[in-house]
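Engineer: Have a look at the structure that comes next, please.
Read-outs throughout are calculated quantities, based only on the coordinates presented, and are distinct from any laboratory measurement. These figures come from a predicted structure and were not determined experimentally. Cβ placement follows ideal geometry from the backbone for every residue including glycine, while neighbour counts extend to all protein chains displayed.
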Amino acid sequence: MNLEIWQGDITTLKVDAIVNAANRELRGGGGVDGAIHRAAGPKLDEACRALGSCETGEAKITPGFDLPAKYVIHTVGPVYSGSHSDPLLLAACYRNSLRVAKENGLHSVAFSAISTGVYGYPLDAASKVAFGEVRKWLREHKDYQMRVIMVAYDARTYALYQKLLG
Ligand code: AR6
């Protein structure tokens, strides 16, 4: 399967798209969102303004501007609440990001660990949802060449990803 893991700063990756853990206003922020906006330059904020907002679980695409990645896919993860909708919304982030990537003819997508920072989703649970949904999508789209890279920012996340990759 075309599923890989990688540890480091997602803004350095030369892939078709990196997936940003955005907020509903697409206004930029801290965490990976802040890092992506800094690395992409001010045109990214302009492009996000033009898109308006983004619902939780949905995904929208912009150019990557000064990034090595050609595009940024902005998805909004759920703020963790412990409710049954959390995993459904988180899974939707991965599914909709891959749908947007395919619609745009992209073939390599790197995901940050959506919702696992400021939004408070426990890393273990979030990673299981993420890997489960990506694997499901790849199985369902075997006829489409898609390389997915799950990016772990820190060593703890990377160790967990190694286990999940098997
Ligand atoms: N490269 C890869 N991963 C990173 C990087 C990086 N440069 N920096 C942080 N991470 P977070 P969320 C990891 O908080 O929980 C923003 O303010 C980090 O270790 O960025 O979805 C938005 O504007 C963590 O595992 O996103 C929203 O308001 C993961 O990225 C809100 O935070 C996600 O953490 C979204 O919160």
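Engineer: Filter the range 3-38 for residues that are surrounded by 15 or more Cβ atoms within 10 Å (Cβ to Cβ) and acidic (Asp, Glu) and give the result.
Structural biologist: Across the range 3-38, the qualifying residues are Asp16, Asp33.
Engineer: Just checking, does the range 45-62 include any residue being of a type outside the set (D, E, K, R) and closer than 24 Å to Leu165 by Cβ?
Structural biologist: Scanning the range 45-62, I find at least one residue that is of a type outside the set (D, E, K, R) and closer than 24 Å to Leu165 by Cβ, so the answer is yes.
Engineer: Go through the range 63-85 and give me each residue that's more than 12 Å from the ligand (Cβ to nearest atom) and surrounded by 22 or more Cβ atoms within 10 Å (Cβ to Cβ).
Structural biologist: If we filter the range 63-85 for residues that are more than 12 Å from the ligand (Cβ to nearest atom), which is where we start, we get 63-66, 68, 70-73, 81-85.
Within the range 63-85, Gly64, Val72, Ile73 meet the criteria.
Engineer: Among residues belonging to the range 1-56 that are hydrophobic (A, V, I, L, M, F, W, C) and assigned to a strand (DSSP E or B), point out the one that is farthest from Ala92 (Cα to Cα).
Structural biologist: Result: Trp6.
Engineer: Among the listed residues Glu133, Glu103, Glu58, which satisfies the condition of being under 13 Å from Asn20 (Cβ atoms) and acidic (Asp, Glu)?
Structural biologist: The match here is Glu58.
Engineer: What tally of residues in the range 69-88 results from selecting those that are under 20 Å from Gly28 (Cα atoms) and either in contact with a Gly (Cβ under 9 Å, 6 or more places away or on another chain) or acidic (Asp, Glu) (or both)? Step through it out loud before you land on a result.
Structural biologist: So in the range 69-88, the residues under 20 Å from Gly28 (Cα atoms) come out as 69-80.
Those still in the list that are either in contact with a Gly (Cβ under 9 Å, 6 or more places away or on another chain) or acidic (Asp, Glu) (or both) too: 70-72, 75-80.
Number satisfying all stated conditions: 9.
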